[in-house]
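Comments concern the structure below.
Computed from the coordinates by the stated procedures, all read-outs in this text should not be read as laboratory data. If you're wondering where the values come from, they're calculated on a predicted model, not measured in any experiment. Ideal geometry is used to build each Cβ from the backbone, glycine not excepted, and the neighbour counts take in all protein chains shown.
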Amino acid sequence: MHVIHPVILCGGSGTRLWPRSRKARPKPFLPLLGQRTLFQQSLDRAADPMRFAPPTIVAGSAHCAAIEEQAEQREGAKLIVEPAAKNTAPAIALAAHSLPPEAIMLVCPSDHHIANVQAFCAGVEDAASLAAQDNMVAFGIEPNGPETGYGYIRKGAPLGPGNRVDRFVEKPDLATAEQLLATGEYVWNGGIFAFRAGAYLSELAQHRPAMAAHAADAWQRATRQGWQIHPDADAFAAIDGESVDYAVMENTAQAAVVAADMGWSDIGNWDALMIARLADEMGNRVSGQADLIDCRNVMVDSDSLRVSVVGLEDVIVVVDGDEVLVTSRAGAQKVGKLPGAAQQ
C-alpha cells in the first residue's frame, strides 16, 4: 500500500448554484449533501492515516477564512495560498513543490460528491500503483448517460489496473455523447488525478517551461505564516494560467486512466445536486419548509420561507434569504448567466 498525499484544490465560485452559492461562501463550503460541507467531505475521504498523509490545500485568499473555519485540526496539514487565480496546472505545481519528489499526489477538487467512498479508495490504490511507475493518471468515471457537461476519455491499451489514455474529448454535444457511449470505450473525465510530485514537475517543465519556471520561482520565494504558505505574488503573476488537462495530461506520453464507479458528481448545477439527493416515491426532494401536491421530480431547497408547489414536474425552487430561484431542470445549466449570479 502506498502512502498518498491528498491535494485539495479550492477554487471557483459555483455560480450555477446561485443563490445558495455566493462569492462570500461558495459551493465547496456549503453543506449541500449531509451535515458536512463538500470541502469537509473531501478531507474526510482522505483522512485514514494508514493510507493518506496529511492534506495539502491550495486556495485563494478569499477562501482562507472558510478553510480555517472548516478544516479543523489536522496535524501536518498545510494551506498554500495562491496569490492569483491561474487555473489548476500552476496550483498543482505549487503543491508538488511542497512535497518530496517521490510523493504520490492525489489531486481532488474540493467541491465534488462521491457516494461510494469504498470504491473511491479502491480506485485510489489502483491509480497510486500506476503513478508510482511515473504514469500521469486521470480518474475516469463510468458514465450512466450521455452527459454533455463533462469531458470524456477514451480508454486505450490495458495498463495494469487501468488503461493507457487513447485520447481526451472536449465536452460533446448530445449526439456526439450518445455516439461515445455506444462504443463502450469512453469514461467521463472526473477531474481527479494521481502522479508522483517529481514526475508532474518534470512533465510541466517539458510541456510548459515558462509556467514551470515561474511556479518554481514563486515557491522558492514563498513566506510562511503558521500552516499557511504564501508563494511570491510577482513571480506567480507572470504565469499564463492553464488547466492541468491542457498543460500536461493532453501532452504527456504517460497519460493513464483508472475507471471507477463510485457515485461521483461534480455538483455542477442544481439538477446535478437534485440527482445526488434522496427522492421520495414521486421523485421529489425537499429541504426546508415546503408543501407539494401532484408534483413529480420537483426539488425545493428553502432556508426560510415556506414554498408551495402544485401540479408541476421537473422544476427546482430555491430560496436563499431574500433571493428566489425557479428553474426547470433542463434550464439549470443557465443559472450562472443570471445577473444575480454574475454580479454576486
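Summary of computed values
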read-out	value
In segment 236-344, trypsin sites (Lys or Arg not before Pro) in a DSSP loop with at most 11 other beta-carbon atoms within 10 Å	ARG306
Rounded FRET efficiency, nearest 0.05, which uses the C-beta distance separating ARG296 from GLU170 and R0 of 30 Å	0.35
Those GluC sites (Glu not before Pro) in segment 260-344 that DSSP places in a loop and that have at most 11 other beta carbons within 10 Å	GLU281
Estimated inter-spin distance, ALA65 and ASP48, nm [label 7 Å along Cα→Cβ]	3.7 nm
C-alpha long axis of helix 88-97 to longest principal axis of the chain, angle in °	50 degrees
Given LYS27/LYS171; LYS23/LYS337; LYS27/LYS334; LYS23/LYS78, the pairs whose alpha carbons are separated by over 19 Å	LYS27/LYS171; LYS23/LYS78
Residue list for segment 37-78, given a label point 7 angstrom along the Cα-to-Cβ vector of GLU125 and an amide N cut-off under 12 Å	51
Gyration tensor (alpha-carbon) shape descriptor, segment 41-145, a/c threshold 1.5	rounded
Selection from ALA256, ALA222, LEU312, by position along the positive dipole direction of the chain (Cβ)	ALA222
Förster radius 51 Å - calculated FRET efficiency between HIS2 and THR183 (Cβ-Cβ, nearest 0.05)	0.95
Difference of contour (0.36 nm per residue) and Cα-Cα distance, LYS337 to GLN133	69.1 nm
Ascending count of other beta-carbon atoms within 10 Å, so fewest first, for TYR186, TYR200, TYR150	TYR150, TYR186, TYR200
Length added when fully stretched, GLN289-GLU313, from 0.36 nm per residue minus Cα-Cα	6.8 nm
Cβ-placed point charges (K, R +1; D, E -1), dipole of the chain about Cα centre in debye, nearest 20	420 debye
Added length on full extension, which subtracts the Cα-Cα distance from 0.36 nm per residue, ALA279 to GLN118	55.7 nm
